[in-house]
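Structure, as structure tokens:
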Amino acid sequence: MKKPVHLLLSLIFSIFLHKAHALEKYSPEKLLSLSRIDGASIRPDGSSMLYQVSTPDVSGNTSRKEIFSCALSGGEPLLWGNFSEKVMMPAYIANGKKVAFVKAVSGSLQIFVAEPDGSSPKQVTSAPNGINAYVFSADAGRLVYTSQVKTGKNINEIYPDLDKVSGRIIDDLDYRNWDSWDDYENSHVFVCELKDYTLTSTKEWFAGEAYDYDGIAISPDGNMMACWAKKLKGKAAAISTNTDVLLCDLSTGSITNITEANKGYDKDPVFSPNSKMLAYTSMAEDGYESDKAVLHVYELRTGKNTALTTTFPEGASSPCWNNESSGLYFIAPFEGTEQVYQVMLKDNSIKAITRDVADYTSVQVTGDKLVLGKMSMTYPRTYVLWDLPTGREREITFNNRSLLSTIQTGKVEKNWVKTSDGKKELVWVIFPPDFNPAQKYPTLLYCQGGPQSQVSQFFSFRWNFQLMAAQGYIVVAPNRRGLPGFGKEWNDAIARDWGGQAISDYYAAIDSISRRPYVDASRLGAVGASYGGYSVYYMAGNHKKRFRSFIAHCGLFNLESWYTSTDEHFFSRHDIGKGYWEKEGSEAIAKHSPHRMVGNWDTPILVIHDELDFRVPVSEGMQAFGAARLRDVRARFLYIPDEGHWVMKPQNALLWHREFFRWLKETM
């Protein structure tokens, strides 16, 4: 009997090896073939869920958008409906008797209503400028949506006889944002009455006002509506983060600013299931977009406003009420991850619901279960069903499962590294999928943007650590000073010290990991975007021969030129300080601006910058590339004319990845 058993074990082992060898490593093309899952809507009876799936179409340089359904009890997700056009933003309405969704009609997005199986679609809206967002009351008798409304004159309207003129007249700040110029339009709120899913009346709220209204919510009883807005213009808007939550009585037309006393960000209103309370998040400091967000609850009848998470060490996001209106779930950062928490109204008690090495990205309640968005450095966003009594979870959307099963990924390791000032920082290390500790590997230091954005368990379709590792690199990703998840003091420490302790933290991380025997310390690179790009430029001037290659995408190079050309000036004022025309600001820029250290540049650098990036204008990349070449430093400039701070178009994304890895191959 020994020989047959031995043969059987050998056969099993051979099959295992064959399957292991059949796995492929990540490539840019494989990464872009993954679907992006978002926008879940749960049927009120808890039986099923609809969600949006977006899949890049490289040949068409666009994305295919579809709606899928899945039974919460289990089973394969199924394509919902029979639509040849893009469909998106699904929502169960009328207690699950109908489904609302959005698709394009003559180039503008409009709301449709269909049967639960997608049949008999009926167009509900014909908004001239399309739909931005929408929400129905519980009985589907009211609809609230936002749409763009003309609130200003363009130059052709000022000078009608100049019908081919292309210029702009600008009298104040706040004239462009992220990747678009002021289009003389604003997002306004429309409240509609319906009968048999046909609009019987439509009222534009805030008509005549030149402000954007977003974050719409409607109470389950259909009587109240909430939204948030920054009611500032020009310089005032550019230097402030003061947004307010507005509570609107749909019967009387009254509007109450429930956050007027607070001068920072107030947003994300969510009504309680009993329609008696409104939850929202609030930041106290005006001009600080990364201040700690505190969860508040406002009682509609009394006007009492209670802060629930003041003593909690981290900011709260994505609030969601429990079924009984007695507490809320929310998401907060924790040591390089994003976790789900619960807070109860009676005593403000807070407990952690999840503790996986993952990022939970959204939370919804259905019965005694939660539907959670979830991702990690190893797998893209999916939805899981979390059972509250047992604490067990089960994946319910696995559109990417088949493709992921063919891809070999590398180990992700959590480390704590001692910093130059005696503290400790969490450093993720991602290894190549076929890692062999007896070999030596080139290693990349990843520099995070934000700057106050945690290096969590995110799965990025651009800065993807598994893709980098699949090309044979060890990736070192530190949670340096200035990131959430480690307390407010750690998060706030980077303000007005960009080139200080945060950079020292980067050096501590790479120096610690590069002492390992399998790291080739003679082949180190540093890469990053935004503040990460700034970090690359800054280290290029003082890295003391640590690195062999640099890549900076949309990085800040010259803080003096950037200070007044960026689109949101509250950011520069908070993080850098006073302007360069004042002594304090001049000294800060002299100390922290990378362009002041170009005389020390001696390492090859790839500069990537996008024309439509108004947060960090393209001139920053041009200056950096020009400085490198005038210094006779090897450099390359990848210029992308039709992207903003991020690269969104599939073919541009492929170009980005190919040049990224070509540069590393040439220089490391």
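The values are calculated or read from the model by the stated rules, or taken from the named source; none is laboratory data. Since the model is a prediction, treat every value here as computed from it, not as a measurement. Here Cβ is always computed from backbone atoms with ideal geometry, including for glycine, and neighbour counts include all displayed protein chains. Keep in mind that these areas ignore ligands, DNA and RNA; they rest on the heavy atoms of the full protein, side chains included. Shrake-Rupley method; radii C 1.70, N 1.55, O 1.52, S 1.80 Å.
Quick check on Val357: is it over 24 Å from Ser453 (Cα atoms), hydrophobic (A, V, I, L, M, F, W, C) and either at pLDDT 95 or above or not in a strand (DSSP E or B) (or both)?
Taking the combined requirement at face value, the residue does not satisfy it.
Given the stretch 299-354, what strands (runs of 3 or more DSSP E) lie entirely inside it while holding 1 or more residues that are touching a Cys at 6+ places or on another chain (Cβ under 6 Å)?
In the stretch 299-354, 327-334 are the strands (runs of 3 or more DSSP E) which contain 1 or more residues that are touching a Cys at 6+ places or on another chain (Cβ under 6 Å).
Since Phe459 meets every condition but one in (1) within 21 Å of Lys418 (Cα to Cα); (2) open to solvent by 10 Å² or more (accessible area, probe 1.4 Å), which condition does it not meet?
(1)
Pro517 fails exactly one of the following numbered conditions: (1) of a type outside the set (Phe, Trp, Tyr); (2) in contact (Cβ under 8 Å) with a residue 24 or more places away in the chain; (3) within 22 Å of Lys423 (Cβ to Cβ). What is the number of that condition?
Failed condition: (3).
Count, please, the residues in the stretch 505-543 that happen to be closer than 24 Å to Phe625 by Cβ and not in a strand (DSSP E or B).
15
Yes/no per residue for (1) in contact (Cβ under 8 Å) with a residue 12 or more places away in the chain; (2) of a type in the set (D, E, K, R); (3) surrounded by 20 or more Cβ atoms within 10 Å (Cβ to Cβ); (4) farther than 30 Å from Ala493 by Cα:
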| site | (1), (2), (3), (4) |
| --- | --- |
| Phe330 | yes, no, yes, no |
| Lys346 | yes, yes, no, yes |
| Met375 | yes, no, yes, no |
| Glu395 | yes, yes, no, yes |
| Thr406 | yes, no, no, yes |
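For the stretch 148-188, enumerate the residues that are in a loop (DSSP other than H, G, I, E, B) and of a type in the set (Phe, Trp, Tyr).
Of everything in the stretch 148-188, those that are in a loop (DSSP other than H, G, I, E, B) and of a type in the set (Phe, Trp, Tyr) turn out to be Tyr159, Tyr175, Trp178, Tyr184.
Would you mention how many residues in the stretch 225-239 are surrounded by 20 or more Cβ atoms within 10 Å (Cβ to Cβ) and not aromatic (Phe, Trp, Tyr)?
Here the count works out to 8.
Can you spot a residue in the stretch 543-552 that is at pLDDT 95 or above and within 13 Å of Asp497 (Cα to Cα)?
no
What residue, among those in the stretch 487-521 that are open to solvent by 10 Å² or more (accessible area, probe 1.4 Å) and in contact with a Phe, Trp or Tyr (Cβ under 9 Å, 6 or more places away or on another chain), is nearest to Pro442 (Cα to Cα)?
Ranking the qualifying residues of the stretch 487-521, first place goes to Asp520.
Please go through the stretch 191-224 and give me each residue that is aliphatic (A, V, I, L, M), out of contact with any Ser or Thr (no Cβ under 8 Å at 6 or more places or on another chain) and surrounded by fewer than 20 Cβ atoms within 10 Å (Cβ to Cβ), ordered by number.
Ala207 - this is the single residue of the stretch 191-224 that is aliphatic (A, V, I, L, M), out of contact with any Ser or Thr (no Cβ under 8 Å at 6 or more places or on another chain) and surrounded by fewer than 20 Cβ atoms within 10 Å (Cβ to Cβ).
Here's the yes/no breakdown for (1) in a loop (DSSP other than H, G, I, E, B); (2) over 22 Å from the mean Cα position of the chain (by Cα):
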residue	(1), (2)
Phe571	no, no
Lys578	yes, yes
Val616	yes, no
Glu620	no, yes
Ala624	no, yes
Arg629	no, yes
Trp663	no, yes
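From the set of residues in the stretch 104-157 that are under 31 Å from the mean Cα position of the chain (by Cα) and at positive phi, which is most open to solvent (accessible area, probe 1.4 Å)?
Among those that are under 31 Å from the mean Cα position of the chain (by Cα) and at positive phi, it is Ser106.
Right, Val99: open to solvent by less than 40 Å² (accessible area, probe 1.4 Å) and within 27 Å of Glu393 (Cα to Cα) or not?
Spelling it out, Val99 is indeed open to solvent by less than 40 Å² (accessible area, probe 1.4 Å) and within 27 Å of Glu393 (Cα to Cα).
Return a yes/no flag: does the stretch 335-342 have any residue that is within 30 Å of Asp249 (Cβ to Cβ) and among the aromatic types (Phe, Trp, Tyr).
Checked the stretch 335-342: no residue is within 30 Å of Asp249 (Cβ to Cβ) and among the aromatic types (Phe, Trp, Tyr).
Can you pull out every residue in the stretch 417-432 that is loosely packed, with under 12 Cβ neighbours inside 10 Å and free of Cβ contacts under 8 Å to residues at least 40 places away in the same chain?
Gly422
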